[in-house]
Amino acid sequence: MDKPELSIVMPFYNTEKYIGDAVQSLLAQTYDNFELIMVDDASTDGSMRVVKTFNDSRIKLLKNEINRGIVFSRNQGMKAAVGRFIAPFDSDDLARTDKFEKQIRFLKSNPDFGMVGSWARLIDEDGNLLKKTWKLTQPPARIPAFLLFKNLFVQSAVVMKREVVPDNFYEDGFDLVEDYKMWTDISRIKKTCNYPDYLMFYRVHQSSSTNKTGNKLLAQDARIYKYLFKSLEIDLDERMTNLLLVLKNDQIIGEERVLHEMEDFFGLILSQNQKLNIYSQTELVKVVFDRWLKACYKSRQMKFGMVKIFLNSRLLKTYLKNVL
């Protein structure tokens, strides 16, 4: 086979139940000029046995001698990739058959874009569709600012141009949020977007990232937020980090004090950006107001107290002045 145009990188560890369907969804793509680099992170179940049932020259199999973790394994695959385009893909997700055909065509037709994701449907561990979907619709101009608050891309949905991939690939120490950091870094140098169609299926099960909780995830969330806000020269303290986590985790806000703290923090973000000109101020105002609306909605049990704070908010005045 000639040098493949696309390199799909799939690390795996003990996903025997799902990996066969994941691989089959890739081999069945209408776009076929790709290599599938699979990295076994020293699985102890039958994952490798399932992989070896596929007789396809596009599959390249790498193996870690000991379990090294997801970031190391992703990076091993990235280092081996030769394609002009690179697509990470998790071993428990599924791709629609036209996923890469549509995304590669988009990237070729839009040279100012460095990365494209897609919307995602959610499935359970048995492959049944769930009611929830991820319809990620932020316009390209707003994505860099929105990434300050929320990851807008699904790992298995993404296709990147090789030239925008960071030199060190995924950064060690950002396990669980390694993708969020990479998307942020790419969005700062090239336009990004999500293709407006459900091109992949994200599987939700006991060990999927959607269900990962606990101190490690909280620590990684705090680390990625500290990295994100460094661009605005904001050194996040524990109070600021907790405000961001309240929004991320959809927590109810029951005290006016917290809502006032949220307003002050948002005001600091806008003033720092106005001084440093890192993001489009107009787009950042829209993003901050969107997050402010969410905070107020999460404070709705305060009723008239919340309404009074919202109507007298400096953020509302700023939004009306800059956007409408």
Query raised in the report: So is Arg58 basic (Lys, Arg), free of Cβ contacts under 8 Å to residues at least 60 places away in the same chain and either in contact with a helix residue (DSSP H, G or I) (Cβ under 8 Å, 6 or more places away or on another chain) or outside the structural domain of Gly127 (by TED's automatic domain parsing) (or both) or not?
Result: yes
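Going by what's in this entry, would Asp90 be described as outside any helix (DSSP H, G or I) and either among the aromatic types (Phe, Trp, Tyr) or surrounded by fewer than 17 Cβ atoms within 10 Å (Cβ to Cβ) (or both)?
Numbers: outside any helix (DSSP H, G or I): yes; either among the aromatic types (Phe, Trp, Tyr) or surrounded by fewer than 17 Cβ atoms within 10 Å (Cβ to Cβ) (or both): no.
The answer is no for Asp90.
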Query raised in the report: Is it true that some residue in the range 241-248 is farther than 15 Å from Phe149 by Cβ and within 29 Å of the chain's Cα centre (by Cα)?
Result: no
Report task. Might you let me know whether the range 73-81 holds any residue that is farther than 19 Å from Glu163 by Cα, surrounded by 14 or more Cβ atoms within 10 Å (Cβ to Cβ) and among the polar types (S, T, N, Q)? Result -> yes
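Determine whether the range 101-118 contains at least one residue that is within 12 Å of Ile8 (Cα to Cα), assigned by TED's automatic domain parsing to the domain that holds Thr137 and surrounded by 18 or more Cβ atoms within 10 Å (Cβ to Cβ).
From the range 101-118, those within 12 Å of Ile8 (Cα to Cα) are none; that's our starting set.
Checked against the condition, which is being within 12 Å of Ile8 (Cα to Cα), assigned by TED's automatic domain parsing to the domain that holds Thr137 and surrounded by 18 or more Cβ atoms within 10 Å (Cβ to Cβ), the range 101-118 yields no hits at all.
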Report task. Six or more apart or on different chains, Cβ under 9 Å: which pairs go from a residue in the range 96-114 that's of a type in the set (A, V, I, L, M, F, W, C) to one that's assigned to a helix (DSSP H, G or I)? Could you list them? Result -> Phe100/Leu26; Phe113/Phe106; Phe113/Leu107; Phe113/Pro140
Query raised in the report: Filtering the range 1-53 down to residues that are of a type in the set (Phe, Trp, Tyr) and assigned to a loop (DSSP other than H, G, I, E, B), which residue is surrounded by the fewest Cβ atoms within 10 Å (Cβ to Cβ)?
Result: Tyr31
Report task. Name, by its number, the condition in (1) within 30 Å of Asp185 (Cβ to Cβ); (2) more than 24 Å from the chain's Cα centre (by Cα); (3) modelled with pLDDT under 95 that does not hold for Ser299. Result -> (1)
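With respect to Leu284, is the statement that it is within 30 Å of Gln220 (Cβ to Cβ), of a type in the set (A, V, I, L, M), at pLDDT 95 or above and out of contact with any strand residue (DSSP E or B) (no Cβ under 9 Å at 6 or more places or on another chain) true?
Working: within 30 Å of Gln220 (Cβ to Cβ): yes; of a type in the set (A, V, I, L, M): yes; at pLDDT 95 or above: yes; out of contact with any strand residue (DSSP E or B) (no Cβ under 9 Å at 6 or more places or on another chain): yes.
In short, yes.
Okay, residues lined up against (1) more than 16 Å from Gln29 (Cα to Cα); (2) at pLDDT 95 or above; (3) under 22 Å from the mean Cα position of the chain (by Cα); (4) part of a helix (DSSP H, G or I):
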residue	(1), (2), (3), (4)
Val71	yes, yes, yes, yes
Gln76	yes, yes, yes, yes
Phe100	no, yes, yes, yes
Val116	yes, yes, yes, no
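So that you can scan it fast, the table gives a plain yes or no per residue for (1) in contact with a Phe, Trp or Tyr (Cβ under 7 Å, 6 or more places away or on another chain); (2) surrounded by 15 or more Cβ atoms within 10 Å (Cβ to Cβ); (3) within 28 Å of Pro139 (Cβ to Cβ); (4) assigned by TED's automatic domain parsing to the domain that holds Lys150:
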residue: Arg239; (1), (2), (3), (4): no, no, no, no
residue: Leu243; (1), (2), (3), (4): yes, yes, yes, no
residue: Lys248; (1), (2), (3), (4): no, no, yes, no
residue: Glu261; (1), (2), (3), (4): no, yes, no, no
residue: Tyr279; (1), (2), (3), (4): no, yes, yes, no
residue: Val287; (1), (2), (3), (4): yes, yes, yes, no
residue: Phe304; (1), (2), (3), (4): no, no, no, no
residue: Lys308; (1), (2), (3), (4): no, no, no, no
residue: Thr318; (1), (2), (3), (4): no, yes, yes, no
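The values are calculated or read from the model by the stated rules, or taken from the named source; none is laboratory data. None of the values given here were measured: they were computed from a predicted structure. In this analysis, Cβ positions are derived from the backbone assuming ideal geometry, glycine residues included, and neighbour counts consider all displayed protein chains.
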